[in-house]
Amino acid sequence: MRKMLAFARRNLYEILRDPISYVFCLAFPLVMLGLMTLINKSIPPEANMTLFRIDRLAGGIAVFGQSFLMLFTVLAVSKDRAGSFLVRLYATPMAASDFTAGYLLPVLLLSAAQTLLLSAAALLVSLVSGPTLSVGGLFLMTVTLIPSGALFAGLGLLFGTLFSEKAAPALSSIIISLSAILGGIWFDPDSAGGVLLKICKALPFRYAVQSARAALVLDLGWEAWGFPLTVVIGSAVLVTLAASLVFRTRMRADLN
Amino acid sequence: MNAIETRGLTKKYGPKTAADNLFFSIPEGEFFSLLGVNGAGKTTTVRMLTGLSAPTSGDALVGGHSVVHERDAVRRIIGISPQDTAVAANLTVRENLTLIGTVCGLDRMRLEERIGEMISLFGMAECAESRAKTLSGGWQRKLSIAMALLSEPQVLFLDEPTLGLDVLARRDLWRVIEGLRGKITMVLTTHYMEEAEALSDRVAVMIAGKIAALGSPEELRQATGAKDLENAFIAIAEAAQKGGDLHA
Ligand SMILES: Nc1ncnc2c1ncn2[C@@H]1O[C@H](COP(=O)(O)OP(=O)(O)O)[C@@H](O)[C@H]1O
Ligand SMILES: [Mg+2]
């Protein structure tokens with residue numbers, strides 16, 4: 001446990017002390033929050049298009065922010081695997097589970113902190129643009145998005161282990177774009193229908209966004225909130241297990 | 001007792017034999033160097049001796065423990081400073097030392113004690129709170145060696161510790177390494193002849209995965225009639241190419 005926590009602290013600092021993390025994980029989602037709110041203002045009410053209204057936008061932006069934490073996890077893990085710092089730790093009595101938990105834990109903490117900060121910003125925006133968001137809803141959204149944070153942390157570890165240091169940035173950008181599109185953050189997959197909707201339904205991202213939006217407006221029924229949240233929890237567990245298994249296998253291969 | 005004994009240690013990568021049937025022993029407290037050009041198999045040998053790579057065949061005992069069957073026991077008694085600078089860039093010197101001491105299982109009090117000792121031994125008091133990435137190459141290497149020494153290993157492995165350093169930083173690091181002589185068994189790899197000559201009790205000349213010659217720098221010079229280790233190395237390498245075998 002002490003070994004894992006010591007490694008987790010190092011990974012936390014590697015992200016917290018890198019200024020670029022703030023640009024992507026906070027500044028960029030905040031800019032999108034402002035931009036989309038402005039765009040929303042110019043959409044006429046007759047269009048009946050509420051996707052960018054703050055009460056629906058906030059949940060999407062929060063998930064969007066989490067996907068950038070995934071990016072930083074991918075970069076950190078692939079960089080570690082390419083360098084010799086990890087080699088040095090391999091030569092200590094650390095177990096594979098110390099490594100995987102040590103990578104996942106700080107991302108989980110950071111994603112909760114990130115959602116809280118983005119929620120505060122969304123509250124401010126809602127006070128200016130309306131409709132005003134409830135603090136309780138924002139808090140519940142933060143809690144609801146913890147499993148989603150774990151899902152993105154797991155994806156980060158998985159792709160960071162699989163991708164080379166060179167391929168990681170490009171491939172992660174693709175995954176971020178896809179998760180935003182297929183998560184229904186910038187458009188409504190239900191209005192698209194067809195194959196696209198099927199793909200969205202087969203992946204966990206849309207469920208994360210749905211559960212966040214439902215939590216925010218305190219719509220806590222099974223269909224709106226419970227079911228999507230359950231899907232996200234299940235996916236998070238599966239992805240985290242898969243990532244840990246892949247890391248362990250790769251570590252064994254590296255030590256061969 | 002021997003700190004290290006290799007018994008036909010061999011590593012193959014596909015058709016390539018990176019380390020070929022190595023037999024050598026290193027007595028406790030000796031300063032031993034593996035000298036060879038790039039690709040000779042030095043890192044491969046160190047990786048096998050530190051439990052970072054499984055031998056294709058053969059075995060080695062480190063502190064009496066087999067690197068094949070008792071990797072965990074080997075890990076507890078060795079320290080390694082890998083070839084590339086292996087420090088956490090965004091952690092301070094002190095945080096790097098704390099991290100490595102904690103994962104090696106030092107308790108809190110002992111850890112604080114050892115960190116203090118390392119900081120004074122390596123003269124790092126002034127940069128103790130600086131982030132590793134802001135340090136010069138020479139200071140990063142010192143930190144890397146301090147991290148390897150922190151858990152009081154019985155055997156210390158230094159893989160090309162002065163690679164890429166300027167001449168002043170190299171001499172400075174030599175002094176630090178020289179100061180450890182006799183306290184601990186040390187295995188250093190290098191492709192700098194004068195480095196092996198200046199620091200080692202004994203030198204193993206590695207050529208294409210094989211140990212082509214082994215002896216003190218003095219013995220290697222005498223066996224080849226060369227005036228310094230560099231010329232001795234060239235004579236040994238040329239003899240090895242002709243298929244000859246030269247043992248000091
Ligand atoms: N993981 C690996 N896969 C394939 N070949 C390798 C691997 N590691 C080392 N080699 C090869 O083994 C030989 C010895 O390499 P190495 O031990 O790194 O040499 P040195 O440290 O003396 O420069 C080289 O030819 C290198 O290309
Ligand atoms: Mg090498």
For the list (1) modelled with pLDDT under 95; (2) surrounded by 21 or more Cβ atoms within 10 Å (Cβ to Cβ); (3) within 16 Å of ligand 2 (Cβ to nearest atom), I need the number of the one condition that B:Gly164 fails.
(2)
Every residue from region B:158-214 that is among the charged types (D, E, K, R) and away from ligand 1 (no atom under 16 Å from the Cβ)
B:Asp166, B:Arg170, B:Arg171, B:Asp172, B:Arg175, B:Glu178, B:Arg181, B:Lys183, B:Glu194, B:Glu197, B:Asp201, B:Arg202
What's the total number of residues in region B:31-65 that are away from ligand 2 (no atom under 16 Å from the Cβ) and of a type in the set (D, E, K, R)?
1
Return the only residue of B:Phe157, B:Phe122 being within 16 Å of ligand 2 (Cβ to nearest atom) and surrounded by 15 or more Cβ atoms within 10 Å (Cβ to Cβ).
B:Phe157
Within region B:200-217, the residues that are in contact with a strand residue (DSSP E or B) (Cβ under 7 Å, 6 or more places away or on another chain) and either of a type in the set (Phe, Trp, Tyr) or closer than 14 Å to B:Leu22 by Cβ (or both) are B:Ala204, B:Val205, B:Met206, B:Gly209, B:Lys210, B:Ile211, B:Ala212, B:Ala213, B:Leu214
Residue check for B:Ser33: at negative phi and within 15 Å of the chain's Cα centre (by Cα):
yes
Residues (farther than 25 Å from B:Ile177 by Cβ and more than 7 Å from chain A (Cβ to nearest Cβ)) located in region B:66-111:
B:Ser66, B:Val68, B:His69, B:Glu70, B:Arg71, B:Ala73, B:Asp107, B:Arg108, B:Met109
Those residues of region A:78-107 which are crowded, with 21+ Cβ neighbours inside 10 Å and away from chain B (no Cβ under 14 Å) amount to A:Ser78, A:Thr100, A:Leu104, A:Val107
Which condition number in (1) under 29 Å from A:Arg81 (Cα atoms); (2) within 16 Å of ligand 1 (Cβ to nearest atom); (3) more than 14 Å from every other protein chain (Cβ to nearest Cβ) is the one that B:Pro55 fails?
(3)
Collect the residues in region A:183-203 that are among the small types (Gly, Ala, Ser) and in contact (Cβ under 8 Å) with a residue 60 or more places away in the chain, keeping them in residue-number order.
A:Gly183, A:Gly184
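Here's the yes/no breakdown for (1) surrounded by fewer than 14 Cβ atoms within 10 Å (Cβ to Cβ); (2) more than 14 Å from chain B (Cβ to nearest Cβ); (3) over 30 Å from B:Leu106 (Cα atoms):
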residue	(1), (2), (3)
A:Ile20	yes, no, yes
A:Leu30	no, yes, yes
A:Ser42	yes, yes, yes
A:Phe52	no, yes, yes
A:Asp55	no, yes, yes
Cβ pairs under 7 Å, 6+ apart or interchain, first in region B:153-171 and within 14 Å of another protein chain (Cβ to nearest Cβ) and within 19 Å of B:Ser200 (Cβ to Cβ), second among the hydroxyl-bearing types (Ser, Thr, Tyr) and within 12 Å of ligand 2 (Cβ to nearest atom), ordered by first then second residue, are B:Asp159/B:Thr43; B:Asp159/B:Thr189; B:Glu160/B:Thr189; B:Glu160/B:Thr190
Given (1) within 14 Å of ligand 2 (Cβ to nearest atom); (2) modelled with pLDDT of 95 or more, B:Glu70 misses just (1)
Top-ranked residue in region B:1-48 [being within 14 Å of chain A (Cβ to nearest Cβ), near ligand 1 (Cβ under 7 Å from one of its atoms) and assigned to a strand (DSSP E or B); ranked as surrounded by the fewest Cβ atoms within 10 Å (Cβ to Cβ)]
B:Tyr13
Residue that is surrounded by the fewest Cβ atoms within 10 Å (Cβ to Cβ), among those in region A:197-256 that are outside any helix (DSSP H, G or I) and within 14 Å of chain B (Cβ to nearest Cβ)
A:Asn256
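Quick check on my filter: what residues within region A:105-157 are of a type in the set (Ser, Thr, Tyr) and under 17 Å from the mean Cα position of the chain (by Cα)?
A:Ser111, A:Thr115, A:Ser119, A:Thr142, A:Thr144, A:Ser148
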Checked region A:1-33 for anything in a helix (DSSP H, G or I) and charged (D, E, K, R); matches are A:Arg2, A:Lys3, A:Arg9, A:Arg10, A:Glu14
Are there any pairs with C-beta distances below 8 angstrom linking a residue in region B:52-75 that is of a type in the set (S, T, N, Q) to a residue that is at pLDDT below 95, with the two at least 6 apart or on different chains, and if so which?
B:Ser53/A:Leu255; B:Ser53/A:Asn256
Output yes when any residue across region A:73-82 is more than 25 Å from the chain's Cα centre (by Cα), closer than 30 Å to B:Glu70 by Cβ and of a type outside the set (Lys, Arg), and no when none is.
no
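The values are calculated or read from the model by the stated rules, or taken from the named source; none is laboratory data. For clarity, every value in this text was computed on a predicted model and none was experimentally measured. When we count neighbours, we look across all protein chains shown, and the Cβ atoms used for this are built from the backbone with ideal geometry, even at glycine.
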